[in-house]
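Down below is the structure, laid out as structure tokens.
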Amino acid sequence: MMDALTTPRENFIFEQGEAADQAFLSAYDKNRLHHAWLLCGPQGLGKASFAFRCARFLMGRDRDTAFGGLGMSPEDADVRLITAGSHPDLLVLEREMGESKLKKNISVDAVREIGEFFSKAPSRSPYRVCIIDSVDDLNINSANALLKILEEPPHKGIIFLISHSPGRLLPTIRSRCRRLTFVPWTDQAVSAFARKRLDVDEETLTRLVRLAHGAPGKALSLMEEGALEMDSFAGRLLEKPLPPRAELMQIAATFKSSSAKNDGARKFATFMACLTDRLHERSLSAETSQNGQIYSQLWSRLILSVGEVESVNLDRGDYFWSIYNELASLS
């Protein structure tokens, strides 16, 4: 595989981003730059890359339109600091690592740092910028803390809120932001994007594109996360003979674990994405309408399961066994 994944900090090439660039440039040129931008759309569409792109534009000085409307030179001094993660006028909030695993939420204390950050004037750039990736990771307390900050717009301060599920946000947060929506790409566009970055055969590429559902970044991350192996395993769960019990136990243990070396939550989410995609295919190609309805009902129920499992802190391994038993009864 080629060097496919580039972090949003390092990503200067923003394909199919002309509309977003133009919306931000128009507001900037008219001196009507909103203090809070809500970047919405499915994961993998480049929302974080766009946020860093805007930060470079606002904080740097050396424009480079070879990288598009908001393009900046990678050699600009402020841009280099942003890329290195050391610019004093940029604050990035993400979920932190706890005791060997990623925390479930962005804490209220972390959000309160935003107020302290914006209480100071920019030290070397025209603006201070905060990026929250993602605002979906706020709990109710941290969301209310953010709302207080949004109610008092900071002078020369811009906040970018990245959201994969904006409908779940507090309406009062949504109402205080200017919204930019990123839409899924066509399968052809995702395929062309991935083909330039991945050294895979056409069959593998086609499967990745199907699983990505219009999100080019997701196609790359799925490859990085071993989604094809998980997809193959999901397919075997719908056939006979079923995988041996030793393999099932190993998979269940993988889902249970959450450590720096093994992100069980992410692997479970990848497995469920593959399984629900397979179930949807089965529902459409079933030989009888009754079988199609059975697979369709199971698909519609499981499509929401990842969020439910994480929100109520269910045991992912146990949940996997309940899914397996239900699938075994269908095979």
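The values are calculated or read from the model by the stated rules, or taken from the named source; none is laboratory data. The shown structure was predicted, so the numbers you read here are calculated from the model rather than taken from an experiment. Positions of Cβ are backbone-derived with ideal geometry, glycine not excepted, and every protein chain shown enters the neighbour counts. The protein model used for the area step is the full one, side chains on, heavy atoms only, and it has no ligands, DNA or RNA in it. Shrake-Rupley method; radii C 1.70, N 1.55, O 1.52, S 1.80 Å.
Any idea what angle helix 108-118 forms with the longest principal axis of the chain, computed on alpha-carbon atoms, 0 to 90 degrees, nearest 10?
30
Let me have the relative contact order for the chain, percent, based on Cα pairs under 8 Å that are six or more residues apart.
Numbers: 461 pairs, mean separation 59.7, N = 331.
It comes to 18 percent, rounded to a whole number.
For the range 168-269, with every protein chain kept in place, what is the accessible area per residue (1.4 Å probe, Å²)?
Working: 5580 Å² over 102 residues.
Heavy-atom accessible area per residue stands at 55 Å².
Excluding same-chain pairs closer than 8 in sequence, count the lysine pairs in the chain whose Cα atoms lie under 20 Å apart.
17
Compute, for the range 1-79, the length of the dipole vector about the Cα centre, with Cβ point charges of +1 (Lys, Arg) and -1 (Asp, Glu) only. Units Debye, rounded to 20.
On the way: 8 positive and 11 negative charges, 80 e Å.
It works out to roughly 380 debye.
When only the heavy atoms of the protein chains count and the probe is 1.4 Å, how do Glu203, Glu116 rank by accessible area, highest first? If you can, show how the numbers build up before the last one.
Working: Glu203 150, Glu116 105 Å².
The ordering from most to least exposed comes out as Glu203, Glu116.
Whole number please: convex hull volume per residue of the Cα set in the range 250-309, in Å³? Spell out each step's value before the answer.
Values: hull volume 4.7 nm³, N = 60.
Normalising the Cα hull of the range 250-309 by residue number yields 78 Å³.
Go through Ser257, Ser163 and list them by solvent-accessible area, largest first, probe radius 1.4 Å. Intermediate results must be reported in sequence, preceding the final value.
Details: Ser257 40, Ser163 0 Å².
Most to least solvent-accessible, the answer reads Ser257, Ser163.
Loop only per DSSP, at most 16 neighbouring Cβ atoms within 10 Å: give me the GluC sites (Glu not before Pro) in the range 264-331, ordered by residue number. Walk me through the numbers before you get to the answer.
Numbers: sites: Glu281, Glu287, Glu308, Glu310, Glu326; in loops: Glu287.
Sparse-neighbourhood loop GluC sites (Glu not before Pro): Glu287.
Indicate, rounded to the nearest 5 percent, the antiparallel portion of the DSSP beta bridges found entirely in the chain. Display every interim value, and only then the final one.
Numbers: 3 of 23 bridges.
So the antiparallel bridges in the chain amount to around 15 percent.
Mind checking the dipole of the chain: about its Cα centre, +1 per Lys or Arg Cβ, -1 per Asp or Glu Cβ, Debye to the nearest 20? Show your work: numbers first, answer last.
Numbers: 41 positive and 43 negative charges, 171 e Å.
Dipole about the Cα centre, nearest 20: 820 debye.
Can you send over the carbon and sulfur percentage of the accessible area for the range 197-270, probe radius 1.4 Å, protein chains only?
Numbers: 1920 of 3730 Å².
Looking at the range 197-270 in its full context, I get 51 percent from C and S.
Grab the DSSP H runs of the chain that are 4 residues or longer, score each as -39,500 (n - 2.57), total them, divide by all residues and round the 222 nm result to the nearest 500 deg cm²/dmol.
Details: 15 runs with 170 residues, N = 331.
The per-residue figure over the chain is -15500 deg cm²/dmol.
Check which residues have an amide H placed less than 5 Å from Met72's amide H, if you skip close sequence neighbours.
HN-HN under 5 Å from Met72: Asp64.
For the range 186-266, what class follows from the C-alpha gyration tensor (a ≥ b ≥ c being the square roots of its eigenvalues): rounded when a/c is under 1.5, otherwise prolate if a/b is larger than b/c, else oblate? The partial results should precede the final answer.
On the way: a/c = 2.83, a/b = 1.60, b/c = 1.77.
Since a/c reaches 1.5 but b/c is at least a/b, the shape of the range 186-266 is classed as oblate.
What does the range 1-157 give for Rg and for Dmax, in Å, if only its C-alpha atoms count?
Expressed in Å, the Cα Rg and Dmax of the range 1-157 come to 15.8, 47.
Projecting each Cα onto the charge dipole of the range 254-317 (Lys/Arg +1, Asp/Glu -1 at the beta carbon, about the Cα centre), which of Asn313, Ile294, His280 comes out farthest on the positive side?
Selected residue: Asn313.
Quickly work out the Leu238-to-Glu15 label distance, labels modelled 7 Å from Cα along the C-beta direction, and quote it in nm with one decimal.
Each label point lies 7 Å from its Cα, and together they span 2.8 nm.
At 1.4 Å probe size, what's the solvent-accessible area of Thr181? Round to the nearest 10 Å².
90
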